[in-house]
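Please read the structure below before turning to the comments.
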Protein chains: 2
Amino acid sequence: MTVTERKERQRLLREQLFLDKAAELIAQHGILPLQMAPLAKACDYATGTLYQHFSSKEDLLLALANRNSCHQIQLFQGIAALPISSREKMLALCVADHMNQQAHPSHAGLEQYIFTEVVWKNASAARRQAIIDNSKPLAEVVSGIVQQAIIDNELPAHNCDAFNLSVAPWALCVGTNTLERTEGLLSAFGGNADPLQRYRHLHMLLNGMQWQPLQRIDDRVELSKQIALLQTLLEPFFQCENTA
Amino acid sequence: MTVTERKERQRLLREQLFLDKAAELIAQHGILPLQMAPLAKACDYATGTLYQHFSSKEDLLLALANRNSCHQIQLFQGIAALPISSREKMLALCVADHMNQQAHPSHAGLEQYIFTEVVWKNASAARRQAIIDNSKPLAEVVSGIVQQAIIDNELPAHNCDAFNLSVAPWALCVGTNTLERTEGLLSAFGGNADPLQRYRHLHMLLNGMQWQPLQRIDDRVELSKQIALLQTLLEPFFQCENTA
DNA sequence: CTCAGTTTTTGAATTTAATTCATAATTCAC
DNA sequence: GTGAATTATGAATTAAATTCAAAAACTGAG
């Protein structure tokens, strides 16, 4: 069935084109002014064609977010394979997440948006499932790091399984991103934008988990060096995205 | 100006009516199907009247979320005044937050929604500012607890100010809520719905902050008792909401 | 109490933008 | 090459937020 295959390939290609253009438009003007008809036009297709790929605007947004998170899987797997301690890996995941946020602010906003009841429920069930399926390998990478740490006696199991434990740093990252993204909320208080704060908090959590080696959290210089080092280490993973 | 006063009072009353009805409709059917015209009709007013109070649908949603968070201030202040240790207070804040989530699931979804770029930017600047202003006393209560803990030598300052430190548990709560609310995400993995997990994670964080007295985190029975006790203690604060 | 002026309310008309679908174009199998 | 099947098109439809001209209610002076 070479014919069917070719058609399918072209179909996929067109879908990527739609998503590319949508990402571009969102990066340029935000999610708010994205419209279906102009998007189709910008890709030289009719509105109806767009709807052959996405059951609704929300469906398209989920698809876009899902594609973004595919990059994350590779990134995370790459980190898991680095020759650093398990605790450093966990830290590196957060650094990578943060670098992602900064490199693609609109991705972060999109992610927040799609998990909203209003958007989530307006997408097709298949698309929702795709996102959930994609989170699975992501969660597995993180759980794997936790599991390895437990096996290596760097982390006590605390009477929990690896996945449960991995949720703690995950939640902290998600929450930090949410708070930081909420324009003007943190900055409205004394809360300046100390970019290391999130990592200090993470180290507190990891210390509390008894994840060895424990780390001092009042030494800004050391923390700063550590993060800078990890950022350098992760830099290669972010190179390829320029092409995408 | 008694006349002006009376008019203003009635205006406020009508605004509350709109918000009450909107909350009711949202609780009943979700945010998605809320429509302006039916809402106005349900309150026996014309559509245009609704727009005399709220510049847009999003503006109304912010107003609603803001009113909800006013309750939180009282709740939080009540907790700060309880005769328990500073660490228990911090824990109690999270318990209260979680109780809120469960008592009013739609509030939680609304809160997530309004901080979304799309919604936030569609509301009036005044309304946004109101939300930020309302968060201030909230943040102050939490910072106050942290500050007191530092003064009482129950918590090392770690070279940070109280607000910065208070962001850590806050972010953890926010992130946990987000993950938990995302229907099917956590449950798609092994992640069952252990309701104590969030508190275990919080204790890990507090331990990592060296917040005294440190607590064992592998003892499920003790944790369970502790939370149940706090829930009982907080019960009174949730009584009055039935009238509202 | 009455009336001109002012403010407020009304809800039908307008607008915006997503979604659909009858028609046209293309592809495919024979 | 031809008719059936599939796919693309974009104008028409629909849904719902928002506006605004007209009507109603209110105001305070005479």
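Read-outs throughout are calculated quantities, based only on the coordinates presented, and are distinct from any laboratory measurement. Being a predicted model, the structure only gives us computed values, none of them experimental. For neighbour counting, all protein chains shown are included, and Cβ atoms are generated from backbone atoms with ideal geometry for every residue, glycine included.
Charge dipole (Cα centre; +1 on Lys/Arg Cβ, -1 on Asp/Glu Cβ; no other charges) of the range B:57-242 amounts to roughly 180 debye. Mind checking which lysines have their C-alpha under 17 Å from A:LYS7, skipping anything on the same chain fewer than 8 residues away? Filter leaves no residues.
Computed over chain A with a Gaussian network model linking Cα atoms closer than 10 Å, the most mobile of A:VAL174, A:VAL95, A:VAL141 is A:VAL174.
Considering only Cα-Cα distances, which of the following residue pairs are longer than 29 Å: A:LYS136/B:LYS225; A:LYS121/B:LYS41; A:LYS21/A:LYS136; A:LYS89/A:LYS121; A:LYS121/B:LYS136? Don't jump to the answer; show the numbers that get you there.
Details: A:LYS136/B:LYS225 33 Å; A:LYS121/B:LYS41 26 Å; A:LYS21/A:LYS136 27 Å; A:LYS89/A:LYS121 35 Å; A:LYS121/B:LYS136 33 Å.
In this structure, A:LYS136/B:LYS225; A:LYS89/A:LYS121; A:LYS121/B:LYS136 lie more than 29 Å apart at Cα.
By its C-alpha gyration tensor, with a ≥ b ≥ c as the square roots of the eigenvalues, how is the range A:134-225 shaped: rounded for a/c under 1.5, else prolate for a/b larger than b/c, else oblate? Oblate is the answer for the range A:134-225, as a/c is 1.5 or above yet b/c matches or exceeds a/b.
For the range A:111-185, report the % of Cα-Cα distances exceeding 14 Å. Don't skip to the end; give the middle numbers.
On the way: 1972 of 2775 pairs.
That tail contains 71 percent of the Cα-Cα pairs.
If you take the square roots of the eigenvalues of the alpha-carbon gyration tensor of the protein assembly as shown and sort them as a ≥ b ≥ c, do you get rounded (a/c under 1.5), prolate (a/b over b/c) or oblate? It is oblate, given that a/c is not under 1.5 and a/b is not larger than b/c. Peptide A:158-168 shows a mean partner chain C-beta count of 6 within 10 Å per residue C-beta. Grouping the Cα pair distances of the range B:176-225 into 5 Å bins from zero gives a pair-distance distribution of 4, 18, 26, 19, 16, 12, 4, 0 percent in increasing distance order.
Starting from the label point of B:ASP133 at 7 Å along Cα→Cβ, the same points in the other copies fall at 5.0 nm, in ascending order. Plainly put, the tip 7 Å out from Cα toward Cβ on A:HIS29 is 3.1 nm from that tip on each other copy, the closest given first.
The order of the peptides B:62-74, B:222-234 by mean Cβ neighbours within 10 Å, most packed first, is B:62-74, B:222-234.
Within the listed set A:GLU154, A:GLU180, A:GLU140, the Gaussian network model of chain A (springs between alpha-carbon atoms below 10 Å) gives the highest mean-square fluctuation for A:GLU180.
With a cut-off of 8 Å between alpha carbons and a minimum separation of six or more residues, what is the relative contact order of chain B in percent?
Details: 173 pairs, mean separation 48.0, N = 244.
Computed over chain B, the figure is 20 percent.
Taking chain A as a Gaussian network of alpha-carbon nodes connected by springs under 10 Å, the highest mean-square fluctuation of the residues A:PHE54, A:PHE163, A:PHE189 belongs to A:PHE189. Compactness of the range A:64-107, taken as the C-alpha radius of gyration over 2.2 N^0.38 Å, stands at 1.19. With the Cα gyration tensor of the range A:1-53 giving a ≥ b ≥ c as the square roots of its eigenvalues, does the rule (a/c under 1.5 for rounded; else a/b larger than b/c for prolate; else oblate) give rounded, prolate or oblate? The shape class here is prolate. For the range A:134-143, 3J(HN,Hα) computed residue by residue from phi via the Karplus equation (6.51, -1.76, 1.60; θ = phi - 60°) reads 5, 6, 4, x, 4, 5, 5, 4, 5, 4 Hz, glycine and proline entered as x.
With the simple spin-label model, which puts each label point 7 Å out from Cα in the Cβ direction, the A:MET36 to A:ALA125 separation comes to 2.1 nm. For peptide B:212-221, the mean count of partner chain Cβ atoms within 10 Å of a residue's Cβ comes to 2.
With the simple model of a label 7 Å out from the Cα in the direction of the Cβ, B:ALA188 to A:ALA103 spans 2.3 nm.
When B:GLN239 is represented by a point 7 angstrom out along its Cα-to-C-beta vector, the spacings to that point in the other copies are 6.7 nm, nearest first.
Scalar couplings 3J(HN,Hα) for the range B:229-238, obtained by applying the Karplus form with A = 6.51, B = -1.76, C = 1.60 to θ = phi - 60°, are 4, 5, 4, 4, 4, 8, 3, x, 5, 9 Hz; x denotes Gly and Pro. Measuring max minus min along each principal axis, the C-alpha atoms of the range A:21-159 give extents of 58, 29, 22 Å (largest first).
Over its Cα atoms, what ratio of radius of gyration to 2.2 N^0.38 Å does chain A give?
Values: Rg = 20.1 Å, N = 244, 2.2 N^0.38 = 17.8 Å.
Against the empirical 2.2 N^0.38 Å value, I get 1.13 for chain A.
In this label model, B:ALA157 and B:SER85 are separated by 2.3 nm, measuring between points 7 Å along each Cα→Cβ vector.
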